[in-house]
1. Taking R0 as 35 Å, what's the FRET efficiency between residue 58 and residue 444 from their Cβ-Cβ distance, rounded to 0.05?
2. Indicate the gyration tensor shape class of the stretch 187-327 (rounded, prolate or oblate), computed on the Cα atoms with a ≥ b ≥ c the square roots of the eigenvalues: a/c under 1.5 is rounded; otherwise a/b larger than b/c is prolate and the rest oblate.
3. Kindly give the semi-axes, whole Å and largest first, of the ellipsoid equivalent to the stretch 57-171, taking each as the square root of 5 times a Cα gyration tensor eigenvalue.
4. Restricting to Cα atoms and excluding each atom paired with itself, what does the Kirkwood estimate give for the stretch 382-505 in Å?
5. Roughly speaking, what is the stretch gain from residue 177 to residue 452, that is 0.36 nm per residue apart minus the C-alpha to C-alpha distance, in nm to one decimal?
6. Go through 481-492, 244-255, 554-565 and give me the packing order, highest mean Cβ count within 10 Å leading.
7. Using the alpha-carbon atoms, what tilt in degrees (0 to 90, nearest 10) does helix 277-289 show relative to the longest principal axis of the chain?
8. On a full-extension model of 0.36 nm per residue, what is the gain between residue 491 and residue 417, subtracting their alpha-carbon distance, rounded to one decimal in nm?
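What follows is calculated from the coordinates using simple rules that are stated; it is not laboratory data. Keep in mind that what you see is a predicted model, and the values were worked out from it rather than measured. Don't worry about glycine lacking a Cβ; one is built from the backbone with ideal geometry, like all the others, and counts go over all protein chains shown.
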Ligand SMILES: Cc1cc2nc3c(=O)[nH]c(=O)nc-3n(C[C@H](O)[C@H](O)[C@H](O)COP(=O)(O)OP(=O)(O)OC[C@H]3O[C@@H](n4cnc5c(N)ncnc54)[C@H](O)[C@@H]3O)c2cc1C
């Protein structure tokens with residue numbers, strides 16, 4: 001049986017940062033398991049940049065302002081001690097990345113360049129043109145290889161095995177040959193990324209962003225925190241929902257309605273296009289709903305105009321964006337405005353992390369980092385550029401903490417072989433089962449329901465309807481089977497399992513959203529338009545039960561900044 005001291009599930013920025021740190025323990029066996037080849041992880045799609053108050057462009061910036069901006073951006077739902085830790089660590093992690101080899105864009109004098117981003121007091125976002133995630137991911141992967149981290153590439157983790165509130169290992173499928181394995185591990189770090197594919201009809205995420213780690217931990221009894229908070233990015237391409245980075249507005253892009261107005265003046269007169277994402281996304285949707293956009297239904301849009309930036313700046317600072325617009329929308333931003341509309345983007349919620357210094361969950365030896373985790377530093381609304389930061393700031397100590405934990409643990413005699421046998425039989429049965437449903441129908445009905453009823457604007461009745469619909473889809477899912485009994489690269493099997501995860505997550509999102517009777521950050525209720533600190537300044541915790549999530553609440557840690565009204 002495969003055995004590791006520390007097993008990291010996921011090879012995006014968070015997983016690789018944790019693995020690199022863990023690899024310093026040369027006497028321990030460190031492994032990374034990932035369903036896609038590491039450099040295809042969604043981190044590689046990150047465009048705009050990573051925040052750190054280096055004060056290279058504006059000397060007035062500092063980590064305290066970054067802390068305050070993040071707390072305000074979170075609509076006061078973020079835990080302030082964790083946010084402060086992240087913002088003060090940020091400059092150190094950026095220089096560490098630089099020394100590892102990340103080729104950041106530069107100012108004239110050679111220091112790391114920084115651009116303005118939404119909800120930030122100063123230009124604070126470090127970047128490499130519009131390919132920041134790509135260069136960070138590749139650099140970390142090279143470093144992991146150099147430091148002898150073992151990779152199980154194209155392996156799919158299906159289950160977490162816990163005994164006596166302690167990590168024992170995982171059940172995984174080697175996608176290349178269909179073999180089912182139990183893998184023993186003393187410490188397991190989940191770094192499996194987000195779930196924006198719940199909103200399959202319109203999202204920015206990779207096809208594999210199906211929230212697997214969240215659903216796996218949830219089913220194993222670890223609660224999911226703050227699932228009602230889903231970030232809709234203001235600017236997705238009209239036809240596909242593909243992301244146009246906030247960096248495009250950071251570089252000076254305008255949002256324009258069909259009257260030719262820079263309509264953000266109505267919603268955020270000071271910050272304009274650089275208000276935080278929740279506010280800008282709602283403003284665009286309002287313009288469209290009130291008839292000041294173009295197009296109809298899912299294809300309605302407003303304009304993001306970059307033309308006044310000039311060809312040279314667009315080619316230098318936003319080359320990938322330009323290419324995406326040409327390839328997927330048939331529009332060259334040098335010549336024409338870009339048709340855009342909000343698109344599902346990021347999961348503020350995730351696996352409940354109990355201690356931000358180690359990223360350990362409530363189960364001994366199980367850790368979570370990156371987008372799958374909820375620390376919580378993003379609260380009700382994440383600021384652009386703070387996710388890449390979250391990956392490296394929390395990935396590093398999680399790697400160290402997992403090593404420390406594994407060192408103090410002796411070999412377990414838990415019978416993982418029996419779990420492996422059970423899982424193998426279950427999969428054999430599944431492969432033989434005849435399908436009486438269509439995977440695409442279930443997936444699209446789920447996604448359309450979530451988009452229409454648990455989307456940017458929310459209300460009780462549609463959300464209750466969504467919960468009923470998800471329950472119906474979960475019943476229909478029981479009639480579904482992969483429909484392919486092959487062993488080699490059986491993607492039908494993987495897609496089938498992923499859809500099961502998405503349905504559980506969709507339900508957790510909808511149920512926690514109905515219960516939160518207030519508007520805060522990305523959770524905007526028409527029937528409860530105001531923030532209600534008295535009743536809802538608290539984190540939601542969704543616990544798995546076969547009948548649907550059981551929801552409890554926990555305290556938000558407030559240290560320095562008392563909640564105020566949020567104006568931009
Ligand atoms: C288009 C786009 C642009 C973005 N731009 C920015 C930006 O400019 N700045 C910023 O701060 N943030 C940005 N974000 C957000 C940020 O990039 C992500 O939140 C972050 O990269 C997630 O990293 P991660 O390491 O948590 O997971 P990911 O990079 O998503 O990696 C997940 C890993 O888990 C593995 N995995 C998943 N499920 C399984 C399973 N069942 N078994 C085995 N392995 C599994 C995958 O193979 C993968 O290796 C952007 C996001 C998108 C989608």
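1. About 0.15, to the nearest 0.05.
2. prolate
3. 32, 23, 12
4. 18.4
5. Stretched out fully, the residue 177 to residue 452 stretch lengthens by 95.1 nm.
6. Order by mean packing, descending: 244-255, 481-492, 554-565.
7. 70
8. Answer, rounded to one decimal: 24.1 nm.
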